[in-house]
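The structure appears right after this line, and notes come after that.
The values are calculated or read from the model by the stated rules, or taken from the named source; none is laboratory data. In this text the structure is predicted, and so the values were computed from the model without any measurement. Here the Cβ is made from the backbone with ideal geometry for all residues, glycine too, and neighbour counts use every protein chain on show. Side chains are part of the model used for accessible areas, which takes the heavy atoms of the whole protein and leaves out ligands, DNA and RNA. Shrake-Rupley method; radii C 1.70, N 1.55, O 1.52, S 1.80 Å.
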Amino acid sequence: MEWTPRDMSSDIEDRRDDSGGGGGGFRFGGGGGLGIVGFLVLLVISVITGHNFLGGMLSGGGDPQPTQQVRPASPQGHTASEDRDAHLISAVLDDVQQQWTQVFAQQGKQYRHAKLVLFRDATYSGCGTAQAATGPFYCPADEKVYIDLGFWEDLRRFGGSTADFAQAYVIAHELGHHVQKLLGTEGKVSRLEQQEPDQKFHLSVDTELQADCYAGVWAHSYVARGKADSSDIANALNAAAAVGDDHLQKMSGRAVTPEKWTHGSATQRTTWFKRGETSGDMSQCNTFGGSQ
């Protein structure tokens, strides 16, 4: 992946040196499900503590609530590796938003920039407390993406690629949720979840797969500009597969139960990302069929 470190984006809020905090209710991830690897990180907690924090979700219970963090509070100071990741995220953020600005303009629409918050351990968000254990997520209430950079360590532990373009995929996916907010999809889904609560899991999967497809649409443009190649796409696909619900359920030692998925299977996630990447056309990303 070709990218050039430069000054941090004006759309970045760097709270890594803040003490964190905040309160209120918390919704995990875009579309009301876990963040992109919230499920995976709760699995880490289960393995480390010997207590099963996944049971309620996998057996059909409500959204799990964070009970503790995976990592202890981080010491102040930025490592060179962390700062490199921060600059990569900043570069990707600007590139993805520039691409969506162009796509919206071609449709006679105006794109509104999202902000991205870098934090350690915990911070406040428009959706309540943001914690490292939730993984990266988009909050539609304040139109911001939240990410603790320690997330990459958790993803790597379970076989997900953390190469540059895999990290770019994660950011592009979360910005896909912002596109859904701007287009009104997020609002429609929220209303449908209230009207048809038995469709909650199905709607969550459709929402997440569309964000994967939108990430692929951006990836198409990046490849077309000669800034990424097939090996980069392979890294993104690896990361997408690693956070498939079936993969995570198997790793938790439980039976694969599609009716309780929130993000889709590894195959579904890679298929929809690849569909967006191959076509470069957001109109190919209608994961909802007629349900919108």
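On a per residue basis, the stretch 191-272 carries 42 Å² of accessible surface, using protein heavy atoms and a 1.4 Å probe.
Lys200: which aspartates and glutamates have alpha carbons under 20 Å from its alpha carbon, excluding same-chain residues fewer than 8 sequence positions away? Here the aspartates and glutamates satisfying the reach criterion relative to Lys200 are Asp63, Glu174, Glu186, Glu208, Asp212, Asp245, Asp246, Glu259. Stretching the chain fully between Asp229 and Arg84 yields a gain of 50.1 nm (0.36 nm per residue, less the alpha carbon separation).
Using Cβ point charges alone (K and R +1, D and E -1), the dipole size of the stretch 111-245 about the Cα centre works out to roughly 400 debye. For the residue pairs Lys227/Lys250; Lys115/Lys250; Lys144/Lys250; Lys181/Lys274; Lys115/Lys260; Lys144/Lys227, alpha carbon separations beyond 29 Å are given by Lys227/Lys250; Lys115/Lys250; Lys144/Lys250; Lys115/Lys260. Computed from the C-beta positions of Asp17 and Ser283 and an R0 of 45 Å, the FRET efficiency is 0.60 to the nearest 0.05. Using the Cβ-Cβ distance between Ser10 and Arg112 with R0 set to 22 Å, the FRET efficiency from 1/(1 + (r/R0)^6) comes to roughly 0.95. Here the stretch 127-176 has 48 percent of its accessible surface on carbon and sulfur atoms, given a 1.4 Å probe and all protein chains in place.
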